[in-house]
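Here's the structure, in structure tokens; my notes come after.
The values are calculated or read from the model by the stated rules, or taken from the named source; none is laboratory data. As the structure is a computational prediction, the values presented were derived from the model and not from experiment. Just so you know, the surface numbers come from the protein's heavy atoms only, side chains and all, with ligands and any DNA or RNA stripped out. Shrake-Rupley method; radii C 1.70, N 1.55, O 1.52, S 1.80 Å.
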Amino acid sequence: MPTSTGSKQGKPKEKPMDTDVIIIVKGAGKQTEDDHLNIFLRGFWPAVKQVDRSATSTQVTAGFEDYTPSPHNADGKAHKHVVEIRARHTFEEMVGNRRVAKKTNRRIWLKEAFWEEEVLPSSALGNLSKEWRMASFIFANMFRNIVFSRNTKNLKEDRTGGGIGFSRFQMWKTPGVRLTDHIGYYLSYFLLFLLVLLPFNNSLPTIAGLSGITLVIVTGLIWALAPTFEHSAGIYWYLEEDRKGIFKSLPSLPSWVLLALIFLLVSDPFAYVRLLLVLFGLQIAAIAARSLLWKWRTYANSDVDIAEYYSYYENNDVTRKRIGKVDEWWLTRLPFTPLLYRYVIFLSLPVAFAGTLLASLLRWTRFLGGIGESLDKFLNAMLVGYMDDVVNYAMDPAQANRVRSAVINDIVYFYNKPEVKRIHVVAHSQGTPITYETLFHYLDKKYQDKIFTYTTIGSVLSYYHQGRGVLDPVYYERFPVSSTVEQNFPKEFKWMNFWNFSDPITEFYGLDEYSDFEKAPPIDKEYERTRTSPTNIRTGTSLSENHGEYWNNIQKFTLPLAKRVLGELRPPEWKPDVERPRETAETKQRDWRHYRHHVAVWAVFLSIVGGAYFISRLLTGITWFDPLINYLVALKDNAVAVYHFYNPLENATVPSALGTLWGQLLYGSLYLIGFWMLADWLGQMRRAVGIALRK
């Protein structure tokens, strides 16, 4: 609290020092209170000392006795304190056309908004089921988002012209939904069907004279009709003016898809693992290609965005403003998308399901019970210790409200302290969807005018945005862009997002989906980006700490943050990676220098993949490596033999020379999946027709 230096002689009181508050919001996983505050300080305190060698830091409890933590936080009484930093900063800022020297003297309070106690534990299988619903929905819609993406103009038209004029049988003309969206749904589901089953076509039997590949393609072309029809009809019904409300059936993939993947995993586990390894290698090649060519780009920020801040100048002699990337060809944008990564996640979830069931089976046996216990503990640490926080916040409205309330409580507490002039929010990983919803959609706007900085590091917001269709049956557009509601942030407000090439949580690109234009042609004559759009900054790549390197990244994160908190609103470290010179009037929106970078990434990616294949073939032809290759082949053969030997059904026979019991079970499971798929297809068509005919 401010102290007085007045004396009995009537000496004037010292002017209260401006106070900034930094609220740290942690990510997923079990941690104790103030763990992430300490992690943040390890990088932030050296940054402050770099700005001011005479800065001081202490822990303060006086004045915070009235702080009320969450009622679920049993240890809350021990954390009624803040870390207080006092520092000065001297810098220059532009005033008009000249630079003016400025000095500031600030007090900084640091507090962690601890929300861990608000999440109730759940089961590993329950968490997996929720994660499957999110992952399958996102993966199923990725092709539509990639091939039929919307540019800045489309997005502006959708936001201003949608929501009225519905009538019966007009689902193909739903405002805000294009015909290409419906085509995209169909292609997405068809391609998804191929990606799920085509890699395992050798494991499929010949039915009605159709081989595995032909059977998959023909079945996929027919099957994709039903989910497309239901998806389109469901969105029409939800968006219809007088019938907004509850989705009767969330648009996620049916359970038979998961069962089919588990069937393929069990029937040929080595082919399944081999596919995962190939996809993992392709993902590494894509990241390497982007990384090698990053410094030769002619634009800054992330490189997937269709409405990005730093990219092109508008080809207009009057406004000459930077605009978004418009109408890029989807094929050149493909290697920049998280398609491969989400494919790996999609195929990995059945492995987790099978592992959970295997752990239960092993624990049931006597001689393998110890292995089952160890496997069960490992899976629980991953599926309960971390996934609890993610899926429960995403799909449980009650728990999500409790978590947000813990963050809102801290913001309101510091807002009401008169000495606090500015609030800065730092969120990591799972903390980013929590703070995004809190700041932009749930915090009363009267508390927004003190929030000056919002920084997200290692954000999972892209995943949440893409999965918003299955998060809540009531609020279909959860995690919309911030301009969907009125905001009251100060004009100096800035949202900075940090990502890197080796962080899988960010899916290897920035928060492109949240870039938003307040004005955009053809409705407006010029472009204007909203204050609540993120500026994406790529940080250093670290394989050892890919998701945690941000905390100690002084150059890109903590140092500029310290400067901003100390009054320098535009620290130079937060400028775009590449500043382009002013371009000529002949420059078009589809900039060739930008376009050629994407083509170059494709070329490097294919070169890496082709080179790796060529080297592997070359090595197999060199006799020096024969012992190693023979050893690996023998190791694989032995693993297959062990798998078959310990499979209790592999050698069991059934009457009438029908083959092994294991083979009969596999074929029986395949036919069961086929009947399930047919029943589900008919059910989807029935629901879609019912929606279309409903009055």
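Laid out as a table, the results:
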item: Accessible-area value, R88, 1.4 Å probe, nucleic acids and ligands omitted, Å²; result: 140 Å²
item: List L618, L187, ordered by accessible area with a 1.4 Å probe, largest first; result: L618, L187
item: In order through the stretch 211-223: 3J(HN,Hα) via Karplus (6.51 cos²θ - 1.76 cosθ + 1.60), integer Hz, x for Gly, Pro; result: 6, x, 5, 4, 4, 5, 5, 4, 4, x, 4, 7, 4
item: Solvent accessible area, Å² - W330, 1.4 Å probe, full protein context; result: 90 Å²
item: Listed residue pairs exceeding 28 Å between alpha carbons, taken from K103/K446; K26/K575; K26/K450; K26/K563; result: K103/K446
item: Heavy-atom accessible area order for Y67, Y442, largest first, 1.4 Å probe; result: Y442, Y67
item: Chain lengthening between Q31 and W296 when straightened (0.36 nm per residue, less Cα-Cα); result: 91.3 nm
item: Accessible area, probe 1.4 Å, largest first, for residues T56, T535; result: T56, T535
item: Rounded percent of accessible protein surface that carbon and sulfur make up, the stretch 19-107, 1.4 Å probe; result: 47 percent
item: Volume in Å³ per residue [convex hull over Cα atoms, computed for the stretch 402-477]; result: 92 Å³
item: Other-chain or far-sequence residues with amide H under 5 Å of Y509's (modelled H); result: none
item: Cut-off under 5 Å, modelled amide H: who pairs with S122 long-range; result: none
item: Normalised per residue, the volume of the convex hull around the Cα set of the stretch 52-114 (Å³); result: 126 Å³
item: Sequence-distant residues sharing a close amide H with S542 (under 5 Å, placed H); result: S502
item: Phi-based couplings in Hz for the stretch 558-565 (Karplus 6.51, -1.76, 1.60; Gly and Pro marked x); result: 6, 5, x, 5, 4, 4, 5, 4
item: Probe 1.4 Å - accessible area at Y415, Å² to nearest ten; result: 40 Å²
